[in-house]
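One structure is given here, and the rest of the page talks about it.
Please treat every number below as a calculation from the coordinates, not as lab data. These numbers were taken from a predicted model, which means no experiment stands behind them. Don't worry about glycine lacking a Cβ; one is built from the backbone with ideal geometry, like all the others, and counts go over all protein chains shown.
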Amino acid sequence: MSELTLTVMRLGFLAVLWLFVIVAVQVIRSDLFGTRVTQRGSRRQDARPQQSGRQAAAPPQQRGGQQAAPAGRQRRGAPTKLVVSEGTLTGTTVALQGQTITLGRAHDSTIVLDDDYASSRHARIYPDRDGQWIVEDLGSTNGTYLDRTRLTTATPIPLGAPIRIGKTVIELRK
Amino acid sequence: MSVVTNTTTIGAIEAPSRRNTELALLAFAVVIPVFAYLNVGLAIDGEVPPGMLGYGAGLALLAGVAHLVVRKWAPYADPLLLPLATLLNGMGLVLIWRLDQSPRLIALAKRSYGAFSPSAPNQMMYSAIGIAMFVAVLLLLKDHRTLQRYTYISMVVALVLLLLPLVPGLGADVFGAKIWIRVGGFSIQPGEFAKLVLAVFFSGYLMVKRDALALASRRFMGLYLPRGRDLGPILTIWAVSLLILVFENDLGTSLLFFGMFVIMLYVATERTSWVVMGLLMSAGGAVVVGSTASHVQSRVQAWLDPFECLKTAPEGTNMAYACDQMTQVLMSFGSGGILGTGLGQGNSDLIQFAANSDFIFATVGEELGLAGVMVFLLFYGLIIERGVRTALAARDPFGKLLAMGLSGAFALQVFVVAGGVMGLIPLTGMTMPFLAYGGSSVIANWALVGVLIRISDTARRPAPSPAPNPDAEMTQVVRP
């Protein structure tokens, strides 16, 4: 093999290795500053007017809507998972398989809440005999809210109704 | 009670899955080692190596299987981890195959064992087992939080793994270090696997205890000193790693475990005092052992002045071997220069013993030069960066600590090996992850990457869209 070919290959190989690093760094860069930043910004702007409009309009309707809704929603089937939709644990999901789910700051809870407003054993969610999921406040300091009402007794959870504990909101989904 | 829709969690930004990016990078990561293989063949024999197609197909098959599994079972995982690991593993295979071609090493093997068996096919098999391990981790570990349940079991398992080489009849003393066990015809390095299990224990333990360790402390000379009773765990780990050092004669393993614990302690508590204490304790331990154990002493001599020690060390002793190796390694790096001699054209086989395992980085240094060494260190750096990024993006404290601990251990291992080979710190018997010859190391590191990919999949999974608000349907917005 001629000296020239080998030299070209040697330099070419080093160039290819560095090219890989550059491509990898580009991937990281698009991960950080990709098109999603503009998406996120625009989405936020879009979301705001809707949100404030919804908030302003919702309260007068709320009472009537809440009473009618649960029966209608239950017929759609049993929930299969519990989803954290707000708070530091956003996106966490727990499969519902008939087990009791405990929520609180205690580290042996199913969902460990890192939240100053949560008690160490805050609430639990469990299925009753018919498979209906029930949420019960365990004597917490700051209370557990289902939609906008503070829980006083064990209450069945309608599908998709927000359960609020401190800054965390969880929902049951299909 | 305001409804906030945008989230501040890093991982919660709506992320595309990036699997196609991973596939493209993976193809690139397979082509590069094939190019290297061709380069080695042309340089040594002057013709296209006959095994090139088979080698390329094998690597592509392994990478393809790993990619399909990630696509199916961890769709939102980080796109860089798998290609980087594949590239390093592929380059390791090429370098090992290149050293298999060396007439010097073949002659040495024939002289000392009576026969020469090439290492590259074995390493290919280990890589396949490694990928199988990676696939198994992704299939069996659906959620990394389940590992949290096994916190204290992990501690016991890790201790057993660490102490196995000391069991008489099972452990094997290989050139001074007792870090191997022999089962059947295979020798296994249980320490490599203990690394993973210990990371699980440390993260489970620190998650529970971090408040006590971080908050209950006195301020003294600008440092927060923890209470005496909270010192228990760090003292225990220190004692265990010293025991490993004394009885197994392995500086690398004990440094790795103690270092990993200190890193995780710092990350969990945000207290600099732990780092200061950790450094002091490891320095104290190293000095004590360095001045007593003869095995470590010869390494220290070889580190301080290899050329002088080569002249003074008695012929045939352990110290003479250590110094000889070190001088050859330094010569390798030196003769590589900036751009290297080219693949297959160096003389790094003069290192002779362990040229393809502990000292494989010297081959990189000689044949690819400073430019090549830097690029390999960058590959490792990128893997570590993605691991730390995963820790930042993870939502649960256990996942954060686990990702941080695993990438910290990986970083320490790279530092200890590269630093040892380049003469920055005394040499320790550890292997360059993915690059060096050795089954345990390759398999354990593929499992490590599997766990990182699992955590990053959970961390980068987009947050579920908010449930349709039942009120919204009934609200009528009257616009003028």
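Starting from the 7 Å offset along Cα-to-Cβ, what nm value, one decimal, do you get for the label separation of residue A:80 and residue B:108?
5.9
Once you list every other residue whose beta carbon is under 12 Å from the beta carbon of residue B:299, what net charge do they have if Lys and Arg are +1 and Asp and Glu are -1?
Here the charged neighbours net out to -2.
Given charges of +1 on the Cβ of Lys and Arg and -1 on the Cβ of Asp and Glu, with all other atoms neutral, how large is the dipole of chain B about its Cα centre, in debye to the nearest 20?
1320
Please list, in chain and number order, the residues 5+ apart from residue A:138 or on another chain whose amide H is under 5 Å from its amide H, with Hs placed from the backbone.
Amide H neighbours of residue A:138: A:123, A:124.
Using the count of nearby Cβ atoms within 10 Å as a rough guide to exposure, how do B:134, B:116 rank from fewest to most? Walk me through the intermediate numbers first.
Numbers: B:134 26, B:116 14.
Going from least to most buried by this count: B:116, B:134.
Search the structure for amide H atoms under 5 Å from the amide H of residue A:117, placed 1.01 Å from N in the peptide plane, and list their residues when 5 or more places away or on another chain.
A:167
Quick query: amide H of residue B:341 versus all other amide H atoms, modeled in the peptide plane; which residues come in under 5 Å with a sequence gap of 5 or more or a different chain?
B:367, B:368, B:369
With axes computed from alpha carbons, what is the tilt in degrees of helix B:294-304 against the longest principal axis of chain B, rounded to the nearest 10 within 0 to 90?
Orientation of helix B:294-304: about 90 degrees from the principal axis.
Normalise the Debye intensity by I(0) for the range B:234-367, one equal point scatterer per Cα, no solvent, then take log10 at q = 0.20 Å⁻¹ and round to two decimals.
-1.06
Taking +1 at the Cβ of each Lys and Arg and -1 at the Cβ of each Asp and Glu, which of B:455, B:346, B:409 sits farthest along the dipole of the range B:343-471 towards its positive end, judged by Cα position relative to the Cα centre?
With unit charges placed on the Cβ atoms, the residue in question is B:455.
If you look for lysine pairs in the range B:19-460 that are eight or more places apart or on different chains, how many of them have Cα atoms under 17 Å apart?
Count of close lysine pairs: 5.
Rounded, prolate or oblate: pick one for the range B:19-460, where a ≥ b ≥ c are the square roots of the eigenvalues of its C-alpha gyration tensor, a/c under 1.5 means rounded, and failing that, prolate if a/b is larger than b/c, else oblate.
Taking the square roots of the gyration eigenvalues as a ≥ b ≥ c, the range B:19-460 is oblate.
Relative to the longest principal Cα axis of chain B, at what angle does helix B:52-73 sit, 0 to 90 degrees, rounded to 10?
In chain B, helix B:52-73 runs at an angle near 20 degrees to the longest axis.
Pop a pseudo-label 7 angstrom from the Cα along the beta-carbon direction at both residue A:141 and residue B:318 and give the gap in nm to one decimal.
Between residue A:141 and residue B:318, the label points sit 5.9 nm apart.
For the protein assembly as shown, go through all pairs of different Cα atoms, get the mean of 1/r, take its inverse, and jot down that Kirkwood value in Å.
Hydrodynamic radius (Kirkwood, Cα pairs) of the protein assembly as shown is 27.5 Å.
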